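Reviewing the structure listed below.
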Amino acid sequence: MAFLHQQPQSCLGFDIAKNTITVCDGAVTGTIANQRRAIRALLKSYKRIDLVVCEPTGGHEVLLLEECLRAGVACHRADTLKVKSFIRSFGTHGKSDAIDAGMLWSYGSERWAKLSLWQAPDADETGLRALVRRRQELITMKVAEKNRAKAPGGRKLATSFQAIIKVVERQIQVVDAQIRELIAYSPTLKHRAAVCTAMDSLGPIVAAKLLAILPELGSMTRRKAAALAGLAPHPNDSGQKHGYRKIRGGRPEIRSMLYMPALHAAAGRGEFATFYKRLIANGKKPMVAIAAVMRKIIVTLNARLRDATILQS
């Protein structure tokens with residue numbers, strides 16, 4: 001991940017909607033159309049732009065990001081929850097496009113040193129992310145239909161439920177085939193997937209999910225990898241109190257997909273079985289040990305992908 005090394009002298013905050021973009025440069029706030037030509041003209045109207053800050057808005061921010069990249073302007077796509085917490089710290093309760101744009105400007109101006117810069121994703125990674133997201137949507141639909149079939153009165157509509165479930169299952173198989181094909185024809189994804197599946201208890205689907213949801217694997221320190229995966233234990237201490245540490249934050253999807261591989265180790269199978277047994281022998285609770293195994297998997301994968309990338313280059 002890339003960061004700015006000097007404090008930005010000129011920062012812009014963008015609040016993006018479907019059709020419009022509200023921009024604030026700290027002094028003036030204005031609105032333009034969310035169109036490539038309008039964005040390009042706005043960027044050219046400034047003699048100097050050191051940093052642009054925006055939020056993810058379901059893809060409506062892509063034009064701005066692409067034009068910033070084309071113009072050589074550093075851009076940060078902010079975490080919505082972090083920005084909301086930043087706004088609340090000012091005691092601001094109102095919400096409007098102008099307020100949000102101004103707060104994004106303040107966020108970039110104050111927090112610039114810790115804001116990772118947006119980089120254009122690899123086309124194959126983007127495609128894999130879309131397929132993995134679609135697969136999860138189909139899984140959610142399948143579970144919902146099965147739950148409806150089990151509900152009172154579900155027998156009368158059993159034929160309808162089964163028909164939908166079969167269609168969804170076929171679509172899941174189609175998406176799985178597309179994922180395998182994409183990985184097979186992408187040298188980078190194929191190499192990274194091979195490193196992941198070489199680890200015991202990680203199958204091709206879990207590997208694909210990891211590469212899609214956590215593409216930063218292999219480019220971080222072990223602490224950052226654990227934190228980004230939502231597996232870092234956070235302290236809960238105050239004075240003489242030493243509270244129970246909990247894992248939270250990050251990307252929760254990682255925890256759910258690594259739970260079964262961690263149970264694999266808890267059952268005494270795989271390369272992390274010894275690690276789990278040692279934790280239990282040292283007095284750790286089973287759930288704490290399972291969380292530690294999940295963290296160990298991510299940290300180990302991060303190191304192996306980093307070393308594999310160095311060897312490949």
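Mind checking whether some residue in the stretch 231-245 is under 30 Å from Gly127 (Cα atoms), within 17 Å of the chain's Cα centre (by Cα) and either hydrophobic (A, V, I, L, M, F, W, C) or assigned to a loop (DSSP other than H, G, I, E, B) (or both)? Even if it seems obvious, please write down each step before you answer.
First, pick out the residues of the stretch 231-245 that are under 30 Å from Gly127 (Cα atoms): 231-232.
Still in the running and within 17 Å of the chain's Cα centre (by Cα): 231-232.
Narrowing further to those that are either hydrophobic (A, V, I, L, M, F, W, C) or assigned to a loop (DSSP other than H, G, I, E, B) (or both): 231-232.
Checked against the condition, which is being under 30 Å from Gly127 (Cα atoms), within 17 Å of the chain's Cα centre (by Cα) and either hydrophobic (A, V, I, L, M, F, W, C) or assigned to a loop (DSSP other than H, G, I, E, B) (or both), the stretch 231-245 yields at least one hit.
Using beta carbons and a limit of 6 Å, which pairs, at least six apart or on different chains, have the first residue in the stretch 140-163 and among the acidic types (Asp, Glu) and the second one surrounded by 11 or more Cβ atoms within 10 Å (Cβ to Cβ)?
What qualifies is Glu145/Phe161; Glu145/Ile164; Glu145/Ile165.
For the stretch 199-220, how many residues meet the condition of being more than 23 Å from Ala289 (Cβ to Cβ) and without any contact (Cβ under 8 Å) to a residue 24 or more places away in the chain?
The total comes to 1.
Starting from residues that are farther than 22 Å from Trp118 by Cα and part of a loop (DSSP other than H, G, I, E, B), keep the ones in the stretch 186-217 and report whichever is modelled with the highest pLDDT.
So the residue we want is Ser186.
Given the criterion closer than 20 Å to Trp118 by Cα, touching a residue at least 24 places away in the same chain (Cβ under 8 Å) and not assigned by TED's automatic domain parsing to the domain that holds Arg129, identify the matching residue among Thr20, Thr57, Thr31. Steps first, please.
Values: Thr20 fails: closer than 20 Å to Trp118 by Cα; Thr31 fails: closer than 20 Å to Trp118 by Cα.
Thr57 is the lone residue from the list that is closer than 20 Å to Trp118 by Cα, touching a residue at least 24 places away in the same chain (Cβ under 8 Å) and not assigned by TED's automatic domain parsing to the domain that holds Arg129.
Here is a yes/no grid of residues against (1) assigned by TED's automatic domain parsing to the domain that holds Ala198; (2) buried (at least 18 other Cβ atoms within 10 Å of the Cβ); (3) free of Cβ contacts under 8 Å to residues at least 40 places away in the same chain:
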residue: Ala229; (1), (2), (3): no, yes, no
residue: Ser256; (1), (2), (3): no, no, yes
residue: Ala262; (1), (2), (3): no, yes, yes
residue: Gly268; (1), (2), (3): no, no, yes
residue: Tyr276; (1), (2), (3): no, yes, yes
residue: Met287; (1), (2), (3): no, no, yes
residue: Ile290; (1), (2), (3): no, yes, yes
residue: Val293; (1), (2), (3): no, yes, yes
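Answer yes if at least one residue in the stretch 97-115 is out of contact with any Pro (no Cβ under 6 Å at 6 or more places or on another chain), closer than 30 Å to Ala184 by Cβ and touching a residue at least 12 places away in the same chain (Cβ under 8 Å), and no otherwise. Give the steps one after another, and end with the answer.
Our first condition is that a residue be out of contact with any Pro (no Cβ under 6 Å at 6 or more places or on another chain); within the stretch 97-115, this holds for 97-111, 113-115.
Still in the list and also closer than 30 Å to Ala184 by Cβ: none.
No, the stretch 97-115 contains no residue that is out of contact with any Pro (no Cβ under 6 Å at 6 or more places or on another chain), closer than 30 Å to Ala184 by Cβ and touching a residue at least 12 places away in the same chain (Cβ under 8 Å).
Which is of a type in the set (Val, Ile, Thr), at pLDDT 90 or above, more than 23 Å from Leu214 (Cβ to Cβ) and in contact with a helix residue (DSSP H, G or I) (Cβ under 7 Å, 6 or more places away or on another chain), of Ile99, Ile183, Ile172, Ile164? Outline the logic, then answer.
On the way: Ile99 fails: in contact with a helix residue (DSSP H, G or I) (Cβ under 7 Å, 6 or more places away or on another chain); Ile183 fails: more than 23 Å from Leu214 (Cβ to Cβ); Ile172 fails: more than 23 Å from Leu214 (Cβ to Cβ).
When all the criteria are applied, what remains is Ile164.
The values are calculated or read from the model by the stated rules, or taken from the named source; none is laboratory data. Given the structure is predicted, the values throughout are model-derived calculations rather than measurements. A quick note on method: Cβ atoms are made from the backbone with ideal geometry, for glycine too, and the neighbour counts reach across all protein chains shown.
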